[in-house]
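Below is one structure, written out as structure tokens; comments come after it.
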Amino acid sequence: MNRLQFASAARQQGVVLIFSLIVLLILAIGAVALLRSVNSSLLSAGNLAFHRDLVNQAEQAVSTVMTEFKTNAPPLNGATTADLPAANYVSTALPTNAQGVPLVLLGNNTVFNTVASSANDIPGATPDVNIRYVIDRLCTNTGNASSPNCVQSTGVPPGGSGDHNTGVAPPSATVYRVSVRVDGPRGTQAFLQTTFTKPD
């Protein structure tokens, strides 16, 4: 082998080494991008799990409110014509944002305490979970419920003798709304809202 052939072979090996390093660099960048994507997906999945757990815990507030209304238990004692801040109850419909969440739930303690009591917050299953709720009657005025001022449910129950007795008007029932905000770990928040009726 002469010197010319040896120099040519050495140059070719150097070119192969450069191409190998470039390919290795591209693979390393791809691996880093894949790891970041996986971490991002895991973080999103974890946040979704937190959110689902918070929604489940929000059911505690709905259950508490329904029990108070069914049994006329304190602090409501069946009185629904006037505001009762100690019971987180407002006798008129609260102003809401575009998503229908009452603005008092979006504010801080000072804003919330203007119509309700943050002392009624329910502790969650873990120390970093807090459940806050407010009940509002879907009426424009305080006082007794009447159909022009309040949203009323007057549906005739289907089936049975209810279908045959059309001369009797169904009883009216005022519609109430329970709105719940749950604050959880990592700044996670969940909102839950439901309506129910109570015969007048």
Which residue pairs have Cβ atoms under 6 Å apart, sit 6 or more places apart or on different chains, and have a first residue in segment 129-154 that is within 20 Å of Pro102 (Cβ to Cβ) and surrounded by 21 or more Cβ atoms within 10 Å (Cβ to Cβ) and a second that is basic (Lys, Arg) and modelled with pLDDT of 80 or more? Arg132/Arg181; Asp136/Arg177
Just to check your reading of the model, which residue among Ala86, Ala82, Ala73, Ala61 is small (Gly, Ala, Ser), part of a loop (DSSP other than H, G, I, E, B), within 29 Å of Thr114 (Cβ to Cβ) and at pLDDT 80 or above? Ala82
Please verify whether segment 155-176 includes one or more residues that are touching a Gly at 6+ places or on another chain (Cβ under 7 Å), of a type outside the set (D, E, K, R), open to solvent by less than 80 Å² (accessible area, probe 1.4 Å) and at pLDDT below 85. yes
Members of segment 96-142 that are part of a helix (DSSP H, G or I) and within 23 Å of Thr67 (Cβ to Cβ): Val104, Leu105, Phe112, Ser118, Ala119, Asn120
Within segment 104-117, identify whether any single residue is over 27 Å from Leu48 (Cβ atoms), modelled with pLDDT under 80 and open to solvent by less than 40 Å² (accessible area, probe 1.4 Å), and answer yes or no. no
Can you say whether Val32 is within 15 Å of Asp136 (Cα to Cα), at pLDDT 85 or above and β-branched (Val, Ile, Thr), as far as the supplied structure shows? no
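The values are calculated or read from the model by the stated rules, or taken from the named source; none is laboratory data. Note that the structure is a prediction, hence the values are computed from the model and not measured. Don't worry about glycine lacking a Cβ; one is built from the backbone with ideal geometry, like all the others, and counts go over all protein chains shown. Remember, those area values only see protein heavy atoms, side chains included, never the ligands or the DNA or RNA. Shrake-Rupley method; radii C 1.70, N 1.55, O 1.52, S 1.80 Å.
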